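*Asks:* Take a look at this one; I'll ask things after.
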Amino acid sequence: MANTYFQFKQFTVHQDKAAMKVSTDACIQGAIAAQYWQKKNPGKILDIGSGTGLLSLMLAQHLTKSELTAIDIEEQAFMQTRDNFAQSPWQQRLQALHSSLQSFGNDTYFDAIICNPPFFHKHLNSQENNRNMARHDEGLNKSVLAKSIHDLLQESGSCCLLYPATEWAAWTLAAREQELYPEHTVYIQPYEHKAANRVIGFFSRHKQAAPTTAQLTIYADTGKTYTPQFIALLQTYYMNL
(Lines give C-alpha, C1' and ligand atoms only; values in the text may rest on other atoms or scores of the structure.)
Protein backbone atom coordinates (compact mmCIF):
# COMPACT_ATOMS: atom_id res chain seq x y z
CA MET A 1 0.00 0.00 0.00
CA ALA A 2 1.39 3.41 -0.99
CA ASN A 3 2.11 5.98 1.70
CA THR A 4 -0.65 8.55 2.06
CA TYR A 5 1.86 11.39 1.67
CA PHE A 6 5.32 12.10 0.27
CA GLN A 7 7.48 14.61 2.11
CA PHE A 8 9.77 16.83 0.06
CA LYS A 9 12.19 19.43 1.45
CA GLN A 10 9.90 22.40 0.86
CA PHE A 11 6.44 20.88 0.45
CA THR A 12 4.29 17.83 1.17
CA VAL A 13 2.31 15.86 -1.40
CA HIS A 14 -0.70 14.07 0.07
CA GLN A 15 -1.82 11.25 -2.20
CA ASP A 16 -4.68 9.48 -0.42
CA LYS A 17 -7.31 10.70 -2.93
CA ALA A 18 -5.52 10.71 -6.29
CA ALA A 19 -5.38 7.45 -8.23
CA MET A 20 -1.82 7.96 -9.45
CA LYS A 21 0.76 8.38 -6.70
CA VAL A 22 4.10 10.16 -6.57
CA SER A 23 6.58 8.30 -8.79
CA THR A 24 10.28 8.58 -9.51
CA ASP A 25 9.50 9.19 -13.19
CA ALA A 26 7.29 12.18 -12.39
CA CYS A 27 9.87 13.61 -9.97
CA ILE A 28 12.52 13.39 -12.67
CA GLN A 29 10.21 15.12 -15.14
CA GLY A 30 9.43 17.94 -12.72
CA ALA A 31 13.09 18.53 -11.89
CA ILE A 32 14.24 18.43 -15.52
CA ALA A 33 11.45 20.80 -16.60
CA ALA A 34 12.29 23.22 -13.79
CA GLN A 35 15.92 23.34 -14.88
CA TYR A 36 15.12 23.60 -18.58
CA TRP A 37 12.63 26.43 -18.15
CA GLN A 38 14.65 28.44 -15.63
CA LYS A 39 16.36 30.52 -18.32
CA LYS A 40 13.12 30.90 -20.28
CA ASN A 41 11.35 32.24 -17.17
CA PRO A 42 7.79 31.30 -18.26
CA GLY A 43 5.08 33.57 -16.87
CA LYS A 44 2.12 31.19 -17.18
CA ILE A 45 2.39 27.39 -16.97
CA LEU A 46 -0.35 24.79 -17.53
CA ASP A 47 -0.20 21.36 -15.86
CA ILE A 48 -2.46 18.90 -17.74
CA GLY A 49 -3.74 15.96 -15.68
CA SER A 50 -2.31 17.19 -12.40
CA GLY A 51 -3.01 14.13 -10.24
CA THR A 52 -1.57 15.14 -6.86
CA GLY A 53 -0.24 18.46 -8.15
CA LEU A 54 3.34 17.22 -7.86
CA LEU A 55 4.67 18.70 -11.11
CA SER A 56 3.18 22.13 -10.42
CA LEU A 57 4.64 22.15 -6.92
CA MET A 58 8.11 21.23 -8.17
CA LEU A 59 7.95 23.96 -10.80
CA ALA A 60 6.63 26.52 -8.31
CA GLN A 61 9.59 25.84 -6.01
CA HIS A 62 12.15 26.43 -8.74
CA LEU A 63 10.43 28.99 -10.99
CA THR A 64 9.65 31.68 -8.47
CA LYS A 65 7.89 34.11 -10.82
CA SER A 66 5.69 31.63 -12.67
CA GLU A 67 1.93 31.31 -12.18
CA LEU A 68 0.65 27.75 -12.55
CA THR A 69 -2.76 26.39 -13.50
CA ALA A 70 -3.38 22.67 -12.96
CA ILE A 71 -6.35 20.82 -14.47
CA ASP A 72 -7.65 17.30 -13.93
CA ILE A 73 -10.80 15.62 -15.21
CA GLU A 74 -11.03 13.31 -12.19
CA GLU A 75 -12.71 14.94 -9.19
CA GLN A 76 -10.65 13.22 -6.49
CA ALA A 77 -7.42 14.21 -8.24
CA PHE A 78 -8.61 17.80 -8.55
CA MET A 79 -9.43 17.88 -4.83
CA GLN A 80 -6.03 16.39 -3.99
CA THR A 81 -4.25 18.98 -6.11
CA ARG A 82 -6.28 21.83 -4.63
CA ASP A 83 -5.54 20.72 -1.06
CA ASN A 84 -1.82 20.22 -1.73
CA PHE A 85 -1.63 23.67 -3.30
CA ALA A 86 -3.39 25.25 -0.31
CA GLN A 87 -0.81 23.76 2.08
CA SER A 88 2.22 24.79 0.02
CA PRO A 89 4.35 27.94 0.39
CA TRP A 90 3.31 29.06 -3.11
CA GLN A 91 -0.48 28.89 -2.91
CA GLN A 92 -0.84 32.44 -4.28
CA ARG A 93 0.76 31.33 -7.58
CA LEU A 94 -1.09 28.00 -7.89
CA GLN A 95 -4.60 27.34 -9.19
CA ALA A 96 -6.38 23.97 -9.43
CA LEU A 97 -9.34 23.49 -11.78
CA HIS A 98 -11.72 20.54 -12.21
CA SER A 99 -11.81 20.29 -15.99
CA SER A 100 -11.08 18.04 -18.91
CA LEU A 101 -8.53 19.31 -21.40
CA GLN A 102 -11.13 19.29 -24.15
CA SER A 103 -13.47 21.61 -22.23
CA PHE A 104 -10.74 23.84 -20.83
CA GLY A 105 -11.18 27.43 -22.01
CA ASN A 106 -8.79 28.56 -24.72
CA ASP A 107 -8.89 32.29 -24.04
CA THR A 108 -5.58 32.05 -22.17
CA TYR A 109 -2.29 31.07 -23.75
CA PHE A 110 0.59 29.54 -21.81
CA ASP A 111 4.33 30.06 -21.98
CA ALA A 112 4.92 26.46 -20.88
CA ILE A 113 2.79 23.32 -20.67
CA ILE A 114 3.70 20.17 -18.77
CA CYS A 115 1.95 16.81 -18.87
CA ASN A 116 2.58 13.33 -17.52
CA PRO A 117 -0.11 11.81 -19.74
CA PRO A 118 -1.98 8.49 -19.71
CA PHE A 119 0.53 5.89 -20.86
CA PHE A 120 -1.15 2.74 -22.01
CA HIS A 121 -3.17 2.38 -25.20
CA LYS A 122 -5.45 -0.67 -25.50
CA HIS A 123 -3.71 -2.54 -22.71
CA LEU A 124 -5.61 -4.50 -20.08
CA ASN A 125 -7.58 -1.99 -18.04
CA SER A 126 -7.36 -2.01 -14.27
CA GLN A 127 -10.53 -2.66 -12.32
CA GLU A 128 -10.25 0.55 -10.31
CA ASN A 129 -12.03 3.24 -12.32
CA ASN A 130 -10.00 6.30 -11.30
CA ARG A 131 -6.67 4.54 -11.72
CA ASN A 132 -7.83 3.23 -15.08
CA MET A 133 -8.62 6.79 -16.20
CA ALA A 134 -5.24 8.03 -15.03
CA ARG A 135 -3.24 5.24 -16.69
CA HIS A 136 -4.96 4.69 -20.05
CA ASP A 137 -5.11 7.11 -22.95
CA GLU A 138 -8.52 6.34 -24.47
CA GLY A 139 -9.98 9.54 -22.97
CA LEU A 140 -6.96 11.69 -23.89
CA ASN A 141 -5.20 10.15 -26.84
CA LYS A 142 -2.00 11.52 -28.29
CA SER A 143 -3.62 13.32 -31.21
CA VAL A 144 -6.12 15.13 -28.96
CA LEU A 145 -3.35 16.01 -26.52
CA ALA A 146 -1.04 17.34 -29.23
CA LYS A 147 -3.76 19.50 -30.81
CA SER A 148 -4.82 20.93 -27.45
CA ILE A 149 -1.23 21.75 -26.52
CA HIS A 150 -0.66 23.46 -29.87
CA ASP A 151 -3.82 25.53 -29.44
CA LEU A 152 -2.97 26.59 -25.86
CA LEU A 153 0.74 27.28 -26.32
CA GLN A 154 2.17 30.74 -26.87
CA GLU A 155 4.01 31.17 -30.16
CA SER A 156 7.32 31.23 -28.28
CA GLY A 157 6.33 28.63 -25.67
CA SER A 158 7.33 25.01 -25.13
CA CYS A 159 5.77 21.88 -23.66
CA CYS A 160 7.22 18.97 -21.69
CA LEU A 161 5.90 15.40 -21.99
CA LEU A 162 6.85 12.10 -20.36
CA TYR A 163 6.16 8.77 -22.09
CA PRO A 164 7.44 5.20 -21.97
CA ALA A 165 10.10 4.60 -24.60
CA THR A 166 7.70 2.22 -26.37
CA GLU A 167 5.19 5.07 -26.84
CA TRP A 168 7.65 7.79 -27.82
CA ALA A 169 7.58 7.34 -31.59
CA ALA A 170 3.77 7.49 -31.60
CA TRP A 171 3.82 10.68 -29.54
CA THR A 172 6.41 12.42 -31.74
CA LEU A 173 4.32 11.54 -34.81
CA ALA A 174 1.16 12.97 -33.22
CA ALA A 175 3.10 16.07 -32.19
CA ARG A 176 4.54 16.58 -35.67
CA GLU A 177 1.06 16.35 -37.20
CA GLN A 178 0.07 19.30 -34.99
CA GLU A 179 3.24 21.23 -35.85
CA LEU A 180 4.97 20.61 -32.53
CA TYR A 181 8.67 19.95 -33.00
CA PRO A 182 11.33 18.54 -30.64
CA GLU A 183 13.70 20.94 -28.88
CA HIS A 184 15.33 18.71 -26.28
CA THR A 185 14.93 15.02 -25.42
CA VAL A 186 16.12 13.19 -22.29
CA TYR A 187 16.33 9.40 -22.27
CA ILE A 188 15.87 7.85 -18.82
CA GLN A 189 17.47 4.50 -18.09
CA PRO A 190 17.09 2.69 -14.75
CA TYR A 191 20.65 1.26 -14.84
CA GLU A 192 23.68 1.82 -17.05
CA HIS A 193 23.36 -1.61 -18.66
CA LYS A 194 19.63 -1.21 -19.36
CA ALA A 195 17.97 0.50 -22.29
CA ALA A 196 16.03 3.70 -21.65
CA ASN A 197 12.47 2.92 -20.57
CA ARG A 198 11.17 6.49 -20.24
CA VAL A 199 11.62 9.57 -22.40
CA ILE A 200 11.08 13.21 -21.46
CA GLY A 201 10.83 15.67 -24.32
CA PHE A 202 10.39 19.39 -24.87
CA PHE A 203 8.52 20.55 -27.96
CA SER A 204 7.74 23.94 -29.49
CA ARG A 205 5.88 25.34 -32.47
CA HIS A 206 9.12 26.04 -34.33
CA LYS A 207 11.46 23.58 -36.02
CA GLN A 208 14.90 23.45 -34.44
CA ALA A 209 17.99 23.28 -36.62
CA ALA A 210 19.69 20.95 -34.15
CA PRO A 211 17.47 19.50 -31.39
CA THR A 212 19.52 18.40 -28.38
CA THR A 213 19.49 15.11 -26.48
CA ALA A 214 20.66 13.93 -23.07
CA GLN A 215 20.59 10.79 -20.95
CA LEU A 216 19.92 10.23 -17.26
CA THR A 217 20.71 7.04 -15.36
CA ILE A 218 18.84 6.58 -12.08
CA TYR A 219 20.75 3.82 -10.29
CA ALA A 220 24.50 3.26 -10.18
CA ASP A 221 24.23 -0.53 -9.98
CA THR A 222 21.65 -3.28 -9.60
CA GLY A 223 20.98 -2.08 -6.07
CA LYS A 224 19.28 1.16 -5.09
CA THR A 225 22.25 3.54 -5.01
CA TYR A 226 21.41 6.70 -6.93
CA THR A 227 23.88 8.00 -9.50
CA PRO A 228 25.60 11.36 -8.86
CA GLN A 229 23.65 12.67 -11.86
CA PHE A 230 20.31 11.74 -10.27
CA ILE A 231 21.34 13.16 -6.89
CA ALA A 232 22.37 16.49 -8.45
CA LEU A 233 19.01 16.70 -10.22
CA LEU A 234 16.77 15.88 -7.23
CA GLN A 235 18.75 17.06 -4.20
CA THR A 236 16.81 20.32 -3.88
CA TYR A 237 13.60 18.28 -3.61
CA TYR A 238 14.26 14.90 -1.98
CA MET A 239 14.61 14.84 1.81
CA ASN A 240 17.46 12.32 1.99
CA LEU A 241 19.73 13.54 -0.79
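The values are calculated or read from the model by the stated rules, or taken from the named source; none is laboratory data. Bear in mind that the values here come from a model prediction, so they are computed numbers and not experimental data. When we count neighbours, we look across all protein chains shown, and the Cβ atoms used for this are built from the backbone with ideal geometry, even at glycine.
*Asks:* For region 145-184, give me each residue that is closer than 19 Å to L55 by Cβ, polar (S, T, N, Q) and assigned to a helix (DSSP H, G or I).
*Replies:* Hit for region 145-184 is S148, nothing else.
*Asks:* Can I ask one more? Given Y187, Y163, which one is in contact (Cβ under 8 Å) with a residue 40 or more places away in the chain, of a type in the set (S, T, Y) and closer than 22 Å to A146 by Cα?
*Replies:* When all the criteria are applied, what remains is Y163.
*Asks:* Still on this structure, please answer the following. Tell me, which residue of region 194-226 that is touching a residue at least 40 places away in the same chain (Cβ under 8 Å) and touching a Pro at 6+ places or on another chain (Cβ under 9 Å) is farthest from G30 (Cα to Cα)?
*Replies:* Checked region 194-226; the qualifying residue farthest from G30 (Cα to Cα) is S204.
*Asks:* Which ranges mark the strands (runs of 3 or more DSSP E) fully within region 41-137 that have 3 or more residues being in contact with a Lys or Arg (Cβ under 8 Å, 6 or more places away or on another chain), surrounded by 14 or more Cβ atoms within 10 Å (Cβ to Cβ) and modelled with pLDDT of 95 or more?
*Replies:* Correct list: 67-72, 110-115.
*Asks:* Here's another thing I want to ask about it. Inspect all residues belonging to region 25-37 and state whether any of them is touching a residue at least 24 places away in the same chain (Cβ under 8 Å) and more than 21 Å from Y187 (Cα to Cα).
*Replies:* No - not one qualifying residue is present in region 25-37.
*Asks:* Of (1) part of a loop (DSSP other than H, G, I, E, B); (2) under 17 Å from the mean Cα position of the chain (by Cα); (3) under 20 Å from L234 (Cα atoms), Q10 satisfies all except one. Which?
*Replies:* For Q10, the failing item is (2).
*Asks:* Considering only region 209-226, state which residues are assigned to a loop (DSSP other than H, G, I, E, B), under 22 Å from the mean Cα position of the chain (by Cα) and not hydrophobic (A, V, I, L, M, F, W, C).
*Replies:* Correct list: P211 only.
*Asks:* Identify, from the list Q38, Q15, the residue that is more than 12 Å from N116 (Cα to Cα) and touching a His at 6+ places or on another chain (Cβ under 7 Å).
*Replies:* Every option except Q38 fails the conditions.
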